[in-house]
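Below is one structure, written out as structure tokens, with a few remarks after it.
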Amino acid sequence: IKVIAKSTKGIAIDVARGICDKVKSELPDAVIVLSTDIEGKLNFISAAGKDAVAAGVHAGNILKTVSPIAGGNGGGRPDSATSGGKDASKVDDALKAVYATVESMVK
């Protein structure tokens, strides 16, 4: 499983979701989590390709685990999820947690 976790600023949530969807469709064994901070609003977007989902990865559960690190919550489907956050200073810590979270999910 390939894991991408990246912080962005100034990218609208729909654009970030589009990036995640493109990665998910082109790399079926990939998991991507993006954070986006636009006008002081923090969000996380996650997607998992079909092979990653088959291996046990759940995009919604990734965000349920990492979003609280940045003071947020949220979740979604196994292949796609969105959540919010409140503490932008904790984004790097949340994104670092993505790797261990994915590792714990893979069968």
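The values are calculated or read from the model by the stated rules, or taken from the named source; none is laboratory data. Predicted model only: the values in this text are computed from it and were never measured. The accessibility values were calculated without ligands, DNA or RNA, using every heavy atom of the protein model including side chains. Shrake-Rupley method; radii C 1.70, N 1.55, O 1.52, S 1.80 Å.
Based on C-alpha pairs under 8 angstrom that are at least 6 apart in sequence, the chain has a relative contact order of 25 percent. Give me the percent of the accessible area of the stretch 30-101 that comes from carbon and sulfur atoms, probe 1.4 Å, all protein chains in place. Carbon and sulfur atoms account for 50 percent of the accessible area of the stretch 30-101.
For the chain, the normalised intensity computed at q = 0.13, 0.15 Å⁻¹ comes to -0.37, -0.49 (log10 of I(q)/I(0), Debye sum over alpha carbons, equal scatterers, no solvent).
Can you give me the relative contact order of the stretch 41-93 as a percent, contacts being Cα pairs under 8 Å and 6 or more apart? The partial results should precede the final answer.
Numbers: 113 pairs, mean separation 21.7, N = 53.
Result for the stretch 41-93 is 41 percent.
Going by accessible surface with a 1.4 Å probe and the largest first, 89, 35 read 89, 35. Surface exposure of the chain, expressed per residue as accessible area with a 1.4 Å probe, stands at 50 Å². Over the chain, DSSP H runs of length four or greater, each weighted -39,500 (n - 2.57), average out per residue to a 222 nm ellipticity of -11500 deg cm²/dmol. Among the listed pairs 2/86; 50/90; 64/90; 9/64, which are separated by more than 25 Å between their Cα atoms? Checking Cα-Cα distances, 2/86; 50/90 exceed 25 Å. Axis angle, to the nearest 10 degrees, between helix 91-105 and the longest C-alpha principal axis of the chain: 20 degrees.
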